[in-house]
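Report on one structure; see the data block that follows.
Any read-out appearing in this document is the output of simple, stated calculations on the displayed coordinates, not a laboratory observation. Note that this is a predicted model, so its numbers are computed, not measured. Positions of Cβ are backbone-derived with ideal geometry, glycine not excepted, and every protein chain shown enters the neighbour counts.
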Amino acid sequence: MPNLGQGANVSWVLYDSILGDAAAVRATLFTVPIGGAGKTKYETNMRLAGQLSADTQFNIQALACGCLPTTPKASLQSFLDGYFELYVGGEIWYEAPIFTVPAGYGFKVAYEQANAGLADVSQNGMPRADNLLTLDRDIEIKAHEEIRVDFVWQAAVAEVNFWFFLYGEYIKPLQ
């Protein structure tokens, strides 16, 4: 809905991903834009590296993860055994073990596809678009303010593609 004098407020999702071809114990998201290092719109919708465009603002209201194994033997458990830190403006604004973030679209379905008939990953809830970790207060990202999400795992994670979603309100100037 337009807010005259400030801009258009739009419900939006900022997302970024890492396609897990190589084993890693650390990863940083939201630092490589579309076209950087070959990233496509499928992998991210960041237009600039680690920041928003001029005259824009994003208020984070909820978080979610998505995860898809690249091989039938990929371990989603190794992906869940870690933590993440959400940085805005160089400061940590949210941190938690990865398993506490709802599945959003992906863990349960991906796990069942990779491990048919085995135990279910249930601590991340059902894979629904409205299954989000809702924040008590919005986290505000201003234009050109640094944004990144660091992941650290207990053991190397490989053969898993994962996405991190920031749901919220995108405020951009009226044209």
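Most exposed first by the Cβ proxy, i.e. fewest other Cβ within 10 Å, how do Asp16, Asp55 rank? Write down the numbers at each step before the final one.
Values: Asp16 24, Asp55 11.
Going from sparsest to densest Cβ surroundings: Asp55, Asp16.
How much FRET efficiency would the formula 1/(1 + (r/R0)^6) give for Glu91 and Thr71, where r is the Cβ-Cβ distance and R0 is 35 Å, rounded to 0.05?
Working: r = 37 Å, r/R0 = 1.07.
The pair Glu91/Thr71 has a calculated efficiency of 0.40.
Figure the gain on full extension for Ser11 and Thr28 (residue separation times 0.36 nm, minus the Cα-Cα span) and round it to one decimal in nm.
Values: separation 17, 0.36 × 17 = 6.12 nm, distance 2.45 nm.
Contour length minus the Cα-Cα distance gives 3.7 nm.
Under the rule a/c < 1.5 gives rounded, and otherwise a/b versus b/c splits prolate from oblate, where does segment 32-93 land using the Cα gyration tensor?
Numbers: a/c = 2.55, a/b = 1.46, b/c = 1.75.
Oblate is the answer for segment 32-93, as a/c is 1.5 or above yet b/c matches or exceeds a/b.
Please list, in order along segment 51-56, the HN-Hα scalar couplings obtained from phi with the Karplus expression 6.51 cos²θ - 1.76 cosθ + 1.60 (θ = phi - 60°), rounded to whole Hz, x for Gly and Pro.
Values per residue, Gly and Pro as x: 7, 8, 5, 4, 6, 10 Hz.
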